[in-house]
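Here is the structure we will look at.
The values are calculated or read from the model by the stated rules, or taken from the named source; none is laboratory data. Note that the coordinates shown come from a computational prediction; the quantities given were computed from them, not determined experimentally. Here the Cβ positions follow ideal geometry from the backbone for every residue, glycine too, while neighbour counts run over all protein chains shown. Side chains are part of the model used for accessible areas, which takes the heavy atoms of the whole protein and leaves out ligands, DNA and RNA. Shrake-Rupley method; radii C 1.70, N 1.55, O 1.52, S 1.80 Å.
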Amino acid sequence: MSSETNKLDENKLDKKEVSKIYGINLENIEQIQTKNKEFFKFTDNSGNIKIIENIQNDFNLSEQFKSAQANYSFAQSSDELNNAENLFNFEQKYNRRELKLVDVSELCYEKEGKIVLTYAFEKLSANLNEIQKFEIKQLLKVSKIINLKYVNIENGIGVDNQNRVISSTYNALKKNCDIDLARVLKFENDVKNVDSNSKEIDLNSIDYESIVTQLEVANDTPIEVLGESISKGEVDNYYNYPELLDQNDKISKTKKSIITRLLEVLRIRKEKTNTNDKQKQKVYTNTKNTMQNLLFIISLTAFISGAIYIFVI
């Protein structure tokens, strides 16, 4: 009897231990590295984003969350995604400083093809130093091109419409800012995977005027820009049917950004050409009218002179 009782007790113990087996799934949480800082970014199923700063750089996201999980029952359910979300929310509320994400529309707007900063931006950036202000201004300057949704003013970073973190960092050599995608680390079962989509977006380093000129000279021979092949026919097609650019899911983010800037240059050029043509037409019309008036005066003078001559005779 005692042996059977012991077996029953062991089975109960096993079930008790099994019920404590839990995990975390970090699919919706990313560890971001940018501007010599690290952040944790959480994206829920509705696309809403929260970002907190990582203050324990010696431990990765997976290690930190699994260590915290052992202490809190709310993160020990059978739902691994829910466990990870609960841990993030706890860290956000009690242990970390959440980054304030401001909608881009509150900070700037477009007027006559230029980005204009709002009073809200001036107010929110009042305590920043000059370099920080310059970084965030440059980020907002290209906000439409890179489809920026939110900005964290203090750190000079933003989030685009694909929920990627993009930073603006002052480059003393260029005396401008480098616009880069943040390096993303994701962890599954403590295995680190570097996001392959960490290519630098250096939009400000491109001479778009020169590229448009090259495309016109090259006719339809493709030109390579930041590793992307672009042809005149392709740009002309998007100029005539701009909606196709947004509908094209196969085109890369970098290429889409470049073509958007090229279309802007092309639009400005064509507007100038149309303006010059109108001015030439106006000058030609005025010249024609002047000649007609002059001929009329000459004819009138000749008529009057003839009439006087006849009268005298």
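Scanning the stretch 151-166 for residues that are within 22 Å of THR260 (Cα to Cα) and either β-branched (Val, Ile, Thr) or surrounded by fewer than 23 Cβ atoms within 10 Å (Cβ to Cβ) (or both) yields a count of 10. Restricted to the stretch 70-98, and to residues there that are closer than 15 Å to LEU26 by Cα and part of a loop (DSSP other than H, G, I, E, B), the residue that is least open to solvent (accessible area, probe 1.4 Å) is SER77.
Among residues of the stretch 9-36 that are farther than 30 Å from THR169 by Cα, those with a beta-carbon under 7 Å from a residue that is modelled with pLDDT of 50 or more and open to solvent by 50 Å² or more (accessible area, probe 1.4 Å) at least six positions away or on a different chain give the pairs TYR22/GLN76; TYR22/SER78; GLY23/GLU80; ILE24/LYS66; ILE24/GLU80; ASN25/GLU80; ASN25/LEU81.
For the stretch 58-69, which positions are farther than 15 Å from ASN28 by Cα and either in contact with a strand residue (DSSP E or B) (Cβ under 7 Å, 6 or more places away or on another chain) or in a loop (DSSP other than H, G, I, E, B) (or both)? Selection gives ASP58, PHE59, ASN60.
In this structure, is GLU122 under 13 Å from ILE52 (Cα atoms), over 18 Å from the mean Cα position of the chain (by Cα) and part of a helix (DSSP H, G or I)? Answer is no for this residue. Per the listing PHE74, PHE59, PHE42, the residue uniquely touching a residue at least 12 places away in the same chain (Cβ under 8 Å) and closer than 24 Å to ALA182 by Cα is PHE42.
Closer than 30 Å to ILE259 by Cβ and buried (at least 18 other Cβ atoms within 10 Å of the Cβ) - does that describe any residue in the stretch 109-132? The answer is yes; a qualifying residue exists.
Has the stretch 59-69 got at least one residue that is modelled with pLDDT under 75 and surrounded by fewer than 13 Cβ atoms within 10 Å (Cβ to Cβ)? Checked against the condition, which is being modelled with pLDDT under 75 and surrounded by fewer than 13 Cβ atoms within 10 Å (Cβ to Cβ), the stretch 59-69 yields at least one hit. Among the residues of the stretch 99-108, those that are surrounded by 13 or more Cβ atoms within 10 Å (Cβ to Cβ) and touching a strand residue (DSSP E or B) at 6+ places or on another chain (Cβ under 8 Å) comprise LEU99, LYS100, LEU101, VAL102, VAL104, LEU107, CYS108.
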